[in-house]
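Peer 1: Let me begin by handing over the structure; questions about it come next.
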Amino acid sequence: MARLTIDGSAIEVADGTSLFDACRLARGESLPHFCYHPDLSIAGVCRLCQVEVEGMPKLTIACNTTVREGMVVHTRSERVRKASQQILEMHLINHPVDCPICDQAGECGLQNQYMAYGLYDSQVAESDKVNKAKALVIGPHVVLDKERCVLCSRCVRFCNEVTKTGELGIFNRGDRAEIGVAPGRELDNAYSVNTVDICPVGALTSRDFRFQKRVWMLKSTDSICPGCATGCNVRVDHEAGRIYRLKPRRNPAVNGSWMCDEGRLTYKDVHAEDRLLEPLWNGRVVSWADARGHLAHVVAGGFALVIGSAHQSLEEMWLLRQLAGTAALSGGLAGSDLAVGDDILRSADRTPNRRGLALAGLAEHDAAALAGLVRAARGAILVHGGDPAAAPDVAAAMAGRQDVVYVGTHRRATAAAAALALPGAMWAEKAGIFVNRQDRLQAFAQAVARPGNAREDWRVLGEMLPDQGRAPTGLKALRAGVAADLAPALAPTIDLDRLPQGGVPAGGDA
Ligand code: SF4
Ligand code: SF4
Ligand code: FES
């Protein structure tokens, strides 16, 4: 351990800790910075994180300095403040200051640092600024404005160190230095929009989000990406019931600071045109009251087969198992939603909760076996989520039946095959738990209101329980039931109603 003093406070940190991290601990906030990033190598190029270390003649950058026993450090002295101001002025010499039309305004490192440390009158006339290319489309998802770049090299390091695709570089020298794409290339890797996230200014912007919304109008809700079994921690940015973007939340145990471009666009399905918004009886819109009447008629003899899906929450899967009772039970279509994975984040399993199925005791079946279960069902069939009828075998087995009930979110094959289709909620419209491929339980919260007459799935399923005395009265009660029933597989320390930020392994922390 090393003991040092930062801004008059004694602090003890592990040997090898960077002075940048020690200062964050001591100050309760980071030093000003552009180039430092916790999940990239140290570049030490922006010079914004300078601090004063007693005994050293010059200021030193904290991100590239390791703590030493007995160091006495000043981060808020007049000398440091003056240096920060001068560095900012240098970064702003050729900056266009086009904040009013910049997507980054409101969450811009340059704006924030200027308000905190700058506040000087510019000495550079508008006409003397070096002009560079603006609004260059450099890949399927990213637009580059070279004038706004502060040459922090984060995006270059990301492409060199994380995706190892090396599309970006800094070209030329002095005030002509500029960020750019290597000749003949474009920024086209599966993680390209992370460069937008880590760009501290508005030099890199997302083609999907560009000019859609001023960021200060957005509300943020913590969630989990539903795009694959990795379960990247994300933030859902939304306003007035509409989701505008997903951003990664840092979780070193799961996704570091990153997420993939495909996962980033999963929110589009929430607002898809084919959302199931009202109950449908044989394709005709009916009220929930009428739907309940049809349901009572269809399931008068109870369900003979219950089919779940790896897209639903752990709580819903468990409830489905209670609902099945002695009926045949399936976790849905085995081998569905498989695609190409990689060794960065993307799992070949494009469902968020296949491990949850296993934990809740639901086994999947291949299309032929599932079709066999459908044919063998001598009573009503309940399908919850997924789209098993997208498999031709299953669709053929369901054809002509008047006793298939579907609780789902889109008017796709299974909704069309069902006599009664009931609108449920998508992941962003409800709270729940996914179990990722590491068997990590991660909670997601409701971000936006459910559209139309869609309802939370656990309420819809709860109303179908033959013994209404066992119907959950709320998510908390439902989770208590899940915890009690799955107790052998879940560490006793886990409180499903209060999972920690970043989730927890099902077996508990080692
Ligand atoms: S484009 Fe952004 S991330 Fe890349 S070097 Fe410039 S300021 Fe840094
Ligand atoms: S890797 Fe998977 S969980 Fe992560 S963002 Fe992509 S699709 Fe979502
Ligand atoms: S953050 Fe230390 S030099 Fe940029």
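Peer 1: Can you give the local net charge around Ala177? Use residues other than it whose beta-carbon is closer than 11 angstrom to its beta-carbon, Lys and Arg +1, Asp and Glu -1.
Peer 2: Surrounding charge for Ala177 is +2.
Peer 1: While we're looking at this one, here's another question. Rounding to the nearest 10 and keeping the result within 0 to 90°, find how far the Cα-based axis of helix 314-324 lies from the longest principal axis of the chain.
Peer 2: Approximately 0 degrees, to the nearest ten.
Peer 1: Still on this structure, please answer the following. Check the chain for me: any Cys whose beta-carbon has no other cysteine beta-carbon within less than 4.7 Å?
Peer 2: Cysteines of the chain left without a disulfide-compatible partner: Cys23, Cys49, Cys63, Cys99, Cys102, Cys108, Cys149, Cys155, Cys159, Cys199, Cys228, Cys260.
Peer 1: What are the aspartates and glutamates whose alpha-carbon lies under 14 Å from the alpha-carbon of Lys146, with same-chain residues fewer than 8 places away excluded?
Peer 2: Qualifying aspartates and glutamates at Cα under 14 Å: Asp98, Asp175, Glu178.
Peer 1: Got a sec? How would Asp349, Asp497, Asp342 order by Cβ neighbour count within 10 Å, fewest to most?
Peer 2: Asp342, Asp497, Asp349
Peer 1: Treating only the Cβ of Lys, Arg, Asp and Glu as charged (+1, +1, -1, -1), what charge dipole size does the chain show about its Cα centre? Round to the nearest 20 debye.
Peer 2: For this selection, approximately 360 debye.
Peer 1: Same structure again: Just going by the charge dipole of the chain, with Lys and Arg at +1 and Asp and Glu at -1 on Cβ, which of Pro392, Leu441, Val405 is farthest out on the positive end?
Peer 2: Val405
Peer 1: Holding the Cα-Cα limit at 32 Å, pick out from Lys134/Lys430; Lys134/Lys213; Lys132/Lys213 the pairs that are longer than that.
Peer 2: With Cα atoms farther than 32 Å apart: Lys134/Lys430.
Peer 1: Treating only the Cβ of Lys, Arg, Asp and Glu as charged (+1, +1, -1, -1), what charge dipole size does the stretch 280-505 show about its Cα centre? Round to the nearest 20 debye.
Peer 2: Value, rounded to 20: 340 debye.
Peer 1: Something else: Specify the angular offset, from 0 to 90 degrees and rounded to the nearest 10, of the alpha carbon long axis of helix 288-298 from the longest principal axis of the alpha carbons in the chain.
Peer 2: For helix 288-298, the angle is close to 50 degrees.
Peer 1: Extending each Cα 7 Å along its Cβ direction at Leu265 and Ala253, get the distance between those two points in nm, one decimal.
Peer 2: Modelled inter-label distance: 3.2 nm.
Peer 1: Using only the Cα atoms of the chain, what are the Rg and Dmax in Å?
Peer 2: Final numbers for Rg and Dmax: 27.1, 86 Å.
Peer 1: Report the gain in length on full extension from Lys164 to Asn131: 0.36 nm times residue separation, minus Cα-Cα distance, nm rounded to one decimal.
Peer 2: Length difference between fully extended and current span is 8.8 nm.
Peer 1: On to the next question. Counting other C-beta atoms within 10 Å, which of Glu147, Glu273 has the fewest, and how do the rest follow? Write down the numbers at each step before the final one.
Peer 2: Working: Glu147 20, Glu273 6.
Final ranking by Cβ density, sparse to dense: Glu273, Glu147.
Peer 1: Shape call for the stretch 125-217 from the C-alpha gyration tensor, a ≥ b ≥ c root eigenvalues: rounded (a/c under 1.5), prolate (a/b greater than b/c) or oblate?
Peer 2: Here the stretch 125-217 falls in the oblate category.
Peer 1: Run the simple label-point estimate for Arg76 and Gln402 please: 7 Å along Cα→C-beta, distance reported in nm.
Peer 2: In this crude spin-label approximation the distance works out to 7.7 nm.
Peer 1: Roughly how tilted is helix 78-92, in degrees to the nearest 10 and between 0 and 90, from the longest Cα axis of the chain?
Peer 2: Between the helix axis and the principal axis of the chain, the angle is about 70 degrees.
Peer 1: Another question, then. Classify the stretch 234-322 from the C-alpha gyration tensor, please: rounded if a/c falls under 1.5, else prolate or oblate depending on whether a/b exceeds b/c.
Peer 2: Cα axes put the stretch 234-322 in the oblate bin.
Peer 1: If neighbour count is taken as other Cβ atoms inside 10 Å, put Tyr244, Tyr406 in order from fewest to most.
Peer 2: If I rank by nearby Cβ atoms, fewest first, I get Tyr244, Tyr406.
Peer 1: Please report the net charge: other residues with Cβ closer than 14 Å to the Cβ of Val340, K and R +1, D and E -1.
Peer 2: Values: positive: Arg346, Arg350; negative: Asp261, Glu262, Asp337, Asp342, Asp343, Asp349.
The answer is -4.
Peer 1: Kindly list the residues of the stretch 128-156 that lie in the label zone of Arg207, defined by a backbone N under 16 Å from the point 7 Å along the Cα-to-C-beta vector.
Peer 2: 135-145
Peer 1: What number comes out for the charge environment of His311, summing +1 per Lys or Arg and -1 per Asp or Glu over other residues with Cβ under 14 Å away?
Peer 2: Its environment carries a net charge of -4.
Peer 1: Tell me which of Pro100, Val80, Gly308 sits at the most positive position along the dipole axis of the chain, charges placed on C-beta atoms (Lys, Arg +1; Asp, Glu -1).
Peer 2: Pro100
Only the coordinates and a few stated rules stand behind these numbers; no lab work does. Note that the structure is a prediction, hence the values are computed from the model and not measured. So basically every Cβ, Gly included, is an ideal-geometry build from the backbone, and we count neighbours across all protein chains shown.
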